[in-house]
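Student: Mind looking over this structure? Questions follow.
No lab work stands behind these numbers, since they all come straight from the coordinates. These numbers were taken from a predicted model, which means no experiment stands behind them. With ideal geometry, Cβ positions are generated from the backbone for all residues, glycine too; neighbour counts draw on all protein chains shown.
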Amino acid sequence: MTAHTNDWPDRLFETLKRGGVRQVGYVPDAGHARLIDRCRADDEIRDVVLTTEEEGIALAAGAWLGGERAVLLMQSSWARQLH
């Protein structure tokens, strides 16, 4: 694994910030732990713990209706392979 591969959570977080994302929904997942920690630590981002990813659709729709951008972190076997 290269260093470039290992820093994907930080690069993705910076991309979300540049894109104006203000809400991040997720089901707790070890593969996303660093990205989730970065979102939780940022005062401009509201992190929302979900029971299922399906709940994230309502979160994203509500954010859009309220004039904000949101993302939904989806669990992925690919992300787990990076660790």
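Student: Report the one residue of G62, C39, G19 whose Cα lies farthest in the direction of the positive end of the charge dipole of segment 12-72 (charges on C-beta: Lys and Arg +1, Asp and Glu -1; origin at the Cα centre).
Tutor: The Cα lying farthest towards the positive end belongs to G19.
Student: When only Cα pairs under 8 Å and 6 or more residues apart are kept, what is the percent relative contact order across segment 3-81? It would help to have the intermediate numbers written out before the result.
Tutor: Working: 99 pairs, mean separation 29.7, N = 79.
Over segment 3-81, the number comes to 38 percent.
Student: Please get the size of the charge dipole for the chain, origin at its Cα centre, with Cβ charges of +1 on Lys and Arg and -1 on Asp and Glu, quoted in debye to the nearest 20.
Tutor: Taking the Cα centre of the chain as origin, the dipole is about 180 debye.
Student: Moving on to the next point. Looking at the chain, identify the longest residue range that excludes and avoids all GluC sites (Glu not before Pro) in DSSP loops having at most 12 other Cβ atoms within 10 Å.
Tutor: Excluding the exposed sites themselves, the longest stretch runs over 1-43.
Student: Under a 10 Å cutoff between Cα atoms, tell me which one of G20, G56, G67 has the largest fluctuation in the Gaussian network model of the chain.
Tutor: Top of the fluctuation ranking is G67.
Student: Here's a follow-up. How far, in degrees from 0 to 90, does helix 8-18 lean away from the longest principal axis of the Cα atoms of the chain, to the nearest 10?
Tutor: Once rounded, the angle reads 30 degrees.
Student: Kirkwood hydrodynamic radius of the chain from all distinct Cα pairs, in Å? Intermediate results must be reported in sequence, preceding the final value.
Tutor: Values: mean 1/r = 0.0762 Å⁻¹.
Taking the inverse mean of 1/r over all distinct Cα pairs, the chain comes out at 13.1 Å.
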